[in-house]
Amino acid sequence: MSYLTTILPSLLAGLKTTLGVFFLTIIGSVPLGILVSLGMKSPYFTIRWLINGYIWIMRGTPLLLQLIFIYYGLGMMGIAFPRFEAAIIAFIINYAAYLAEIFRGGLQSVPRGQYDAAKVLGFSKIQTFFKIILPQVVKIVVPSFGNEVINLVKDTSLVYVIGLGDILRAGNIAASRDVTLMPYLLVGLIYLIMTAVVTLLLRRSETVLNTWR
Amino acid sequence: MLEIKNLTKKYDQNVIFKSLNLTVHDGEVLSIVGPSGIGKTTLIKIMAGLETADDGEIILNGENIDIKGESSDTNIGMIFQDFNLFPNYTVIDNITLAPINVNKQSSSKAVEQGQELLESLGMLDKANLFPYQLSGGQKQRAAIARALAMNPKILAYDEPTSGLDEASTHQVADVVKTLKKRGVTQVIITHDQPFAEMVSDRVFDFATEVKR
């Protein structure tokens, strides 16, 4: 027990990085994902082509590689970001691509008649999107969105590759220094707590959204 | 008064109707009948601004309705075949959403007006239910109230009795007659000939009176 209290401060310091990457990625990738999903329906071929290329690259290469490219690769080309910022950029553009595909599916599931009804009642396109379509999309995408959020909790551990000290790295250091598996167990437990919190929040939002069908 | 003059609609080479002329007088109930798939719904979609026409004009109270640009004004209210209520809003919110956001009415005034409409349709006790909690006939009356809240000059129904049993069909007929007494001009697309004869002042046969 006393051993746990000695390693806990360094784990919590790592946790701060983990949570920072987690929350900033959510905040950045959700609006970007919505924009990208709308761009996929653009009447302009060039925009659709660019967006499809972007999604292909983001989903077609490992996030680990994208992290390396944005931090080391762009750094070598003279576009240098600090480690944390590089990690946030990589995570946001990667997750936005996955979320865009999820939102696109959600947008497609809203029946055409909803747009017709809104139009006949005189709603502008922006009002139609925000007041009528988006709430229905949100309800449709919550389960798959939740999956991505839980993946993100664990994916944050990839930031070690560009030298950021997240919770897994803190556990790793303690484990090799003290030749014990205890830090790993503790780290695993903390990940489980984080995913449990996310799961509970998602369940609650599903319950709230189930007041209508 | 609504005047449709020489209206033509084609999909590529496929002529849906040609040089269609039709006049609907104020306060009149006009039924447009004919078998499915001959373009009745296309006609009211053009009137409501959801489809474009290739030629001709539609004039409502002396003003031309844009039939080329798909731009929609709220002069023609529409009751869709499957109602298209917004599932994420309660009945009263479905009704007040457009008056508040489009007409910039105060929400208290919009709610008051919405409740009056629901009352007149015998739906006041359903105001706080969501669409999924309503029967087919109730959904339809909610849709009628939603359209009327925008004070359209004409109310257009697309197949209002499809999927309704006889009792509900009679209720729709009652609603149409009630609205007629209040002076609402109504255009009803239907393939239900007995219903059309029961409610309307005039029946327009789309199968025989339209050129193709």
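Rule-based calculations on the coordinates, nothing more; no lab input. As the structure is a computational prediction, the values presented were derived from the model and not from experiment. Every residue, glycine as well, gets a Cβ built from its backbone with ideal geometry; the counts of neighbours run over all protein chains shown.
Between A:Leu74 and B:Ser36, take the C-beta separation as r, use R0 = 60 Å, and let me know the FRET efficiency to the nearest 0.05.
0.50
Order these peptides, A:44-53, A:57-66, B:14-23, by their mean beta-carbon neighbour count within 10 angstrom, highest first.
Per-residue mean Cβ counts within 10 Å order the peptides as B:14-23, A:57-66, A:44-53.
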Sequence-distant residues sharing a close amide H with B:Ile67 (under 5 Å, placed H): none
Taking amide H positions as placed in the peptide plane 1.01 Å from N, state which residues far from B:Phe17 in sequence (5 or more) or on other chains have amide H under 5 Å from it. B:Lys9
Mind checking the mean number of beta-carbon atoms from other chains within 10 Å of the Cβ atoms in B:143-149? 1
Long-range amide H partners of B:Met78 with built H, under 5 Å: B:Ala156
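Averaged over peptide A:108-117, how many Cβ atoms belonging to another chain are found within 10 Å of each residue's Cβ?
Partner-chain Cβ atoms within 10 Å, mean over residues of A:108-117: 4.
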Phi angles of the range A:191-206, converted by Karplus (6.51 cos²θ - 1.76 cosθ + 1.60, θ = phi - 60°) into ³J(HN,Hα) in whole Hz with x for Gly and Pro, give 4, 4, 5, 4, 5, 5, 4, 4, 4, 4, 4, 5, 4, 5, 5, 5
Degrees separating the helix B:91-101 axis from the principal Cα axis of chain B, which is the longest one: 70 degrees
